[in-house]
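Engineer: Right, I'll just put the structure down here and ask away after.
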Amino acid sequence: TVQGTARKLGYFETVAGGVDYEKEYYRQVEEMTASHLRASLEKYLTASNLTVAVLSPEPTSGVNAVSDAKLEELRQRLLSATREEELASAERFAKKGALPGEDQVVRRILPGGMKILVKRDASVPVVAMRAVWVGGLRYEDARVNGVNHMLASLITRGTATRSAEEIMRDVEGMAGAIGGFSGRNSFGARVEMLAKNWERGLEILADCLLNPEFPEDELDKERRIVLDELSAQSDNLSTMAFRLFAETMYKKHPYRFDLLGTPSSMAGMTRRTLKDFYSRNYPLGGMTLAIVGDVDPARAIEKAAGLFGAEQPSREPPPVAKEDLWARPKGTVEVYKFLQRQQAHMVVGFPGTTLDNPNRHALEVVSTLLSGQGGRLFVELRDKKGLAYRVNAFSLEGIDPGYFAVYIACSPEKLPVALDGIREELRKIAEEPINPAELDRAKKYLVGSHEISLQRRAAVASTLAFHEAYGMGYDEYLRYSAKILAIDAAAVQRVAREYLDWQRAVIATVKPEELTPGARQRAEGPSGSSKSVPKDPAAKASRRGPSPGKRPFVPPKRK
């Protein structure tokens, strides 16, 4: 067909090296020999490359008994072949010999205070680097909200000697990637490339960090993108629910802000704002650089020291607004944002803990027991009762206390029953005995997910850099599995009773305006209290309850 001919020509030209490749293909087929076939079999059809998927009946007697026996025989043969292949691979590796410094992290602190971590991993010819500072959203206020996101977007968009196009062209020419990142607790930049290009890649990363220009044209482009994203949030009800929740949970702390910023802060974001914020808050002495991959640690440290070794005056980190989430007057706080959509999104949250708090790991186990498709919330509220489109639980830690939250999306009329269901599941995990098999499954899931997440060099570099920058020690990730496996049922229930306290809960809901009878009664207060729902149409967008310690429900209105 004409379509087939076009597809063939396009494939040969783009993938095989030219439109005439068809002739070469036939030539190679004609010249194929048994030795060629054997070489391919030995290279590709190995146990280490093998994936087996089996769909079989449940074990039974009678007709299927023979097939079950054959299936078990096949399984044993595959396991035996895999073990033989693993032994052969180990023998080959032993003869070759491990490289010096393999799997060890070399740590150096430069005179100016900058920390360098290098981990040699020659399993693949790739290198990943992460430069991290403590900072991020924690360093922002309302005037400069979103500045870290903007810095991260522009940090690799031009230096005193390289334009954004030159940086991208050079990095992509090395089969690499470069970019900035920011979060609630950190700011930094990353680069990944083939190992043979790691020195050039580090030079470009250093240029971006030492000499950023934050060009006006790039700032204007990024500002438009951020404003579009902020506008799009009005169509994302889950984002709105979490924003409402954060603004209510935190009154003073920067964690209440949106990472992107606001239209107002974006309007005032100038090149001078970026340069001043960057130079004031992110000196070289506060940076942690992690390099992971097929590199010589001594050479990597020497190279990094040459690029970043200049001493800088030490600087105190900026003050962060402290907020004791546990010192507030007790009482559940409920806040609402009313939108004419036929769905409801609710976040139920409680004051949480910090990255270095020993309770962190038990809270992770609690969230795992509750969340996921096999978790209690999903099984009870979605599978059995059909109350939710989505439901999940998670613990979010930070340098300062984060929160533990349950999120649910459902039909508006199901909200009261769904909230009761959440209350019941949290009560059971705090008060009723936990099935040992269920607890063991949750812990193994966390440990397995942790190990899987560290398969890539980039993930290891991030882990080393963040843990070191946060003061936990770069090797904290090596202790994670043992800490999770040490959690028992008593620890789970202890932290559940301590943290999942409804007297400290914030419930943020985005839903249609209609109130349930119960909500209307609580809004009006006992015995016909004078507090009532505002009737001004202009006040429909958002309403919130009184502050904690007062009557915890809907009005007066909230902008």
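Engineer: Taking a probe of 1.4 Å, how large is the accessible area per residue of the stretch 318-359, in Å²?
Structural biologist: Working: 1880 Å² over 42 residues.
Per-residue value: 45 Å².
Engineer: Mind grabbing the accessible area of Y403 for me, 1.4 Å probe, Å², rounded to tens?
Structural biologist: About 20 Å², rounded to the nearest 10.
Engineer: Listed here are the pairs K252/K330; K70/K443; K337/K414; K8/K196; K385/K511; K8/K43; which of them are more than 26 Å apart at the Cα?
Structural biologist: Details: K252/K330 18 Å; K70/K443 34 Å; K337/K414 17 Å; K8/K196 35 Å; K385/K511 20 Å; K8/K43 28 Å.
Correct reply: K70/K443; K8/K196; K8/K43.
Engineer: With a ≥ b ≥ c taken as the square roots of the eigenvalues of the C-alpha gyration tensor of the stretch 120-179, please select rounded if a/c is under 1.5 and otherwise prolate if a/b is larger than b/c or oblate if it is not? All intermediate terms of the calculation are to be shown ahead of the outcome.
Structural biologist: Values: a/c = 3.66, a/b = 1.52, b/c = 2.42.
Oblate is the answer for the stretch 120-179, as a/c is 1.5 or above yet b/c matches or exceeds a/b.
Engineer: Once each part is reduced to its C-alpha centroid, what is the distance from the stretch 15-52 to the stretch 275-329 in angstrom?
Structural biologist: 50
Engineer: Another question, then. Work out the charge dipole of the stretch 222-323 with +1 on the Cβ of Lys and Arg and -1 on the Cβ of Asp and Glu about the Cα centre, then indicate which of A246, G309, P263 is farthest towards its positive end.
Structural biologist: Farthest towards the positive end: P263.
Engineer: Let me ask something additional. Would you pull out the residues with amide H under 5 Å of L387's amide H, same chain only if 5 or more places away, H placed 1.01 Å from N?
Structural biologist: Sorted by chain and number, the residues that satisfy this are R382.
Engineer: Report, to the nearest whole %, how much of the accessible area of the stretch 16-56 belongs to carbon and sulfur atoms, 1.4 Å probe, protein only. Intermediate results must be reported in sequence, preceding the final value.
Structural biologist: Details: 2050 of 3670 Å².
Within the stretch 16-56, the accessible surface is 56 percent carbon and sulfur.
Engineer: Averaged per residue, what accessible surface does the stretch 399-490 expose to a 1.4 Å probe, in Å²?
Structural biologist: Values: 4190 Å² over 92 residues.
About 46 Å² of surface per residue is accessible.
Engineer: Using a 1.4 Å probe on the protein chains only, how many percent of the accessible area of the stretch 247-300 belongs to carbon and sulfur? Mind showing how you got there, number by number?
Structural biologist: Details: 1050 of 1940 Å².
Roughly 54 percent of what the probe reaches on the stretch 247-300 is carbon or sulfur.
Engineer: Going by the alpha-carbon gyration tensor, a ≥ b ≥ c the square roots of its eigenvalues, is the stretch 326-446 rounded (a/c under 1.5) or, if a/c is not under 1.5, prolate (a/b greater than b/c) versus oblate?
Structural biologist: Working: a/c = 1.93, a/b = 1.19, b/c = 1.62.
Verdict is oblate for the stretch 326-446.
Engineer: Specify the inter-centroid distance of the stretch 361-427 and the stretch 432-500, based on alpha-carbon positions, in whole Å.
Structural biologist: Cα centroid to Cα centroid, the span is 19 Å.
Engineer: Can you list the HN-Hα couplings for the stretch 351-364, worked out from phi with the Karplus curve (6.51, -1.76, 1.60; θ = phi - 60°), rounded to whole Hz and with x for Gly and Pro?
Structural biologist: Result, ordered by residue: x, x, 10, 10, 4, 9, 7, x, 6, 4, 5, 5, 5, 5 Hz.
Engineer: Quick one: putting +1 on the C-beta of Lys and Arg, -1 on the C-beta of Asp and Glu, what dipole do you get for the stretch 330-473 around its Cα centre, in Debye to the nearest 20? Numbers along the way, then the final one.
Structural biologist: Numbers: 18 positive and 17 negative charges, 91 e Å.
With only Lys, Arg, Asp and Glu charged at Cβ, the dipole is about 440 debye.
Engineer: Which trypsin sites (Lys or Arg not before Pro) from the stretch 362-437 combine a DSSP loop assignment with at most 14 other Cβ atoms within 10 Å?
Structural biologist: Numbers: sites: R376, R382, K384, K385, R390, K414, R423, R427, K428; in loops: K385.
Qualifying residues, ordered by number: K385.
Engineer: Can you pull the percent of the stretch 315-362's accessible area that's carbon plus sulfur, 1.4 Å probe, other chains left in place? Walk me through the numbers before you get to the answer.
Structural biologist: On the way: 1160 of 2290 Å².
Ligands and nucleic acids excluded, carbon and sulfur reach 50 percent.
Engineer: Name the residue farthest towards the positive end of the dipole of the stretch 95-228 from the options F214, A152, Q104, assuming +1 on Cβ of Lys and Arg, -1 on Cβ of Asp and Glu, about the Cα centre.
Structural biologist: Q104
Engineer: Taking the full set of protein chains and a 1.4 angstrom probe, give the accessible area of I452 in square angstrom, rounded to the nearest 10.
Structural biologist: Approximately 110 Å² for this residue.
Engineer: Using the heavy atoms of the protein chains alone and a 1.4 angstrom probe, what is the accessible area of the stretch 1-41 per residue in square angstrom?
Structural biologist: Working: 3530 Å² over 41 residues.
Computed with neighbouring chains in place, this is 86 Å² per residue.
The values are calculated or read from the model by the stated rules, or taken from the named source; none is laboratory data. Computed from a predicted structure; not experimentally measured. Note that we place each Cβ from the backbone using ideal geometry, even for glycine, and neighbour counts take in every protein chain shown. Side chains are part of the model used for accessible areas, which takes the heavy atoms of the whole protein and leaves out ligands, DNA and RNA. Shrake-Rupley method; radii C 1.70, N 1.55, O 1.52, S 1.80 Å.
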